[in-house]
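Peer 1: Below is the structure I would like to discuss, written out as structure tokens.
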Amino acid sequence: MSQETSTAKQPPGIALPMGTGFAYASVAVAAMLFGVAGAISKFLFNQNISPISLTIIRTIAAAVIFLALFRLSRAWQALARDDIGIIALIGFLTFAVTYTFYRAIDEAGVAVAIMLQYTAPIFVILIEFVTRRAAITKAKLIALVLSTLGCLCLVGGHDLQADRASGYGIVFGLACGGLFALYNIAVNRAHDRGLSETYITSHSFAFAAIFAVIMIPTTRLSMGSFGSNEWFAIAFIAVFATVIPYRLYVSGLRIVPAFQATLVGMLDPISAAIFAAAFLGEHLNLLQILGIVAILIGVALSARRGGAGSA
């Protein structure tokens, strides 16, 4: 490993109680911001902007911002050869998670897409069990069941019949859940190598942008037809629902294991429901309130020191 790479890395073993609390808070805030992206993306799809077009534009814009900020900072480090494999994988998963989530929203609606995306904790348990023989503890199962049931109750409070829950939508939603699980595991592995969050996000988004550029010849972007509202929504997604939350999320994954991170990610539908109730005039029914309580209990259990075990 070159000296250039070692300076881009952080010393291992930073897991103080205050650091742990900040890590979980970072993941939680990121999840809430990701939730806003789902609602705004539905608006853009209604304006005939395709999921792949939004994925391409969002990814390239975020990559430019990440790399510009990193390049101008004192911490800038070029990508080391030894890190190409893991960073390229994270970049591909970044692009793939976004695209499958947007396709699920477009095909099946926001509620169904969110419900299927949060099969991710189940995929994490299965992947870790197969690849590392990680124990499936009782605490993990309790936290998983509570959070999953809470998500079902919360999403079930919406009119799912109003969503076009097509077969394609279900497939893309489940694919998003599996890919999101792999993303969390891959970022955990990158941190295990000592890579910093700035290094991971900047260079992985560069690879994600490469995948986006490859898709451009097969996509009709029609950017000239976008109005001011569409561009504002895209800019908001690029900055407040991509750059900021990804930076926070990857930072949190330095300490938070993949399983717990995917459970904390279930704060995403909670923030969406509360946002809709506060600003869109929607009302939370008893089923949704019970769902919120169940998710919060599940997240709290998973966040307890040693409560759910390491993923």
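Each reported figure results from applying straightforward, stated rules to the coordinates on display, with no laboratory input. This one's a predicted model, so the numbers in the text were calculated from it and none came from an experiment. Cβ: placed from backbone, ideal geometry, glycine included. Neighbour counts: every protein chain shown.
Peer 1: Give the peptides 175-186, 125-136 in descending order of average Cβ contacts within 10 Å, highest first.
Peer 2: Put in order of decreasing packing, that is 175-186, 125-136.
Peer 1: Shifting gears a bit: What is the extension gain from D192 to I210, computed as 0.36 nm multiplied by their sequence separation minus the C-alpha to C-alpha distance, in nm to one decimal?
Peer 2: Between D192 and I210, full extension yields 4.0 nm more.
Peer 1: Within the stretch 169-186, find all residues whose amide N lies under 12 Å from a label point positioned 7 Å from the Cα of R132 along Cα-to-beta-carbon.
Peer 2: The answer is 184-186.
Peer 1: State, to one decimal in nm, how far the label point of L286 lies from the label point of F43, with both points 7 Å from Cα in the Cβ direction.
Peer 2: With each label placed 7 Å out from Cα toward Cβ, I get 3.4 nm.
Peer 1: Cα centroid distance between the stretch 78-153 and the stretch 232-265, in Å?
Peer 2: 13
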